[in-house]
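J.: Pasting a structure below so you can have a look.
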Amino acid sequence: MHYFKTLLCALACLACALASGPALAQNADPLSDGEIRKVDKEASKITIKHGVIKSLDMPAMTMVFTVKNAALLEQVKPGDKVRFNVVREEGKLVLTEVQAAP
């Protein structure tokens, strides 16, 4: 009988962990760290040397991103340390948010 109580307890704990997993992932910080290398206002593109982008499972590298809103380019200049968010839209990596790093 003790075995079944232990098994039920273990299954209940597993169910709770699985149920809370997606909720924890949604609360994760979507921003990545980087340094602005180039701002191309005419093409609405930005080059960022960045760390790992967890949301895209992307290793650290330097990349060019299209910006969702050209006004974002007014907030930064080469050399700025930033926190940013990138999403995949129609096969392109699009910068949707950028802010000064603390």
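J.: Restricting to region 50-91, name every residue that is in a loop (DSSP other than H, G, I, E, B) and either out of contact with any strand residue (DSSP E or B) (no Cβ under 8 Å at 6 or more places or on another chain) or among the polar types (S, T, N, Q) (or both).
T.: Asp57, Pro59, Asn69, Glu90, Gly91
J.: Right, another one. Among the residues of region 45-71, write down those that are over 14 Å from the mean Cα position of the chain (by Cα) and more than 13 Å from Gly34 (Cβ to Cβ).
T.: Listed by number, the residues that qualify are Lys45, Thr66, Val67, Lys68, Asn69, Ala70, Ala71.
J.: Right, something else. Every residue in region 67-97 that is of a type in the set (A, V, I, L, M, F, W, C), closer than 20 Å to Val52 by Cα and touching a Lys or Arg at 6+ places or on another chain (Cβ under 6 Å), please.
T.: Result: Val94, single match.
J.: A further question on this structure: Looking at Val64, Val52, can you tell me which residue is out of contact with any Lys or Arg (no Cβ under 7 Å at 6 or more places or on another chain), among the β-branched types (Val, Ile, Thr) and either at pLDDT below 95 or loosely packed, with under 15 Cβ neighbours inside 10 Å (or both)?
T.: Step by step, each of Val64, Val52 is checked, and only Val52 is out of contact with any Lys or Arg (no Cβ under 7 Å at 6 or more places or on another chain), among the β-branched types (Val, Ile, Thr) and either at pLDDT below 95 or loosely packed, with under 15 Cβ neighbours inside 10 Å (or both).
J.: Taking interchain pairs and intrachain pairs at least six residues apart, which have beta carbon atoms under 7 angstrom, with the first residue in region 33-46 and more than 15 Å from Leu72 (Cα to Cα) and the second hydrophobic (A, V, I, L, M, F, W, C) and in a loop (DSSP other than H, G, I, E, B)?
T.: Asp33/Ala101
J.: Could you check region 72-96 and list, in sequence order, the residues that are of a type outside the set (S, T, N, Q), crowded, with 16+ Cβ neighbours inside 10 Å and within 17 Å of Asp33 (Cβ to Cβ)?
T.: Correct list: Leu72, Val76, Asp80, Val82, Arg83, Phe84, Val86, Leu95.
J.: Here is a follow-up. For region 27-44, give me the residue count where each residue is under 14 Å from the mean Cα position of the chain (by Cα) and either in a strand (DSSP E or B) or of a type in the set (D, E, K, R) (or both).
T.: Residues in region 27-44 being under 14 Å from the mean Cα position of the chain (by Cα) and either in a strand (DSSP E or B) or of a type in the set (D, E, K, R) (or both): 4 in total.
The values are calculated or read from the model by the stated rules, or taken from the named source; none is laboratory data. The shown structure was predicted, so the numbers you read here are calculated from the model rather than taken from an experiment. Glycine also receives a Cβ, built like all others from the backbone with ideal geometry; neighbour counts cover every protein chain displayed.
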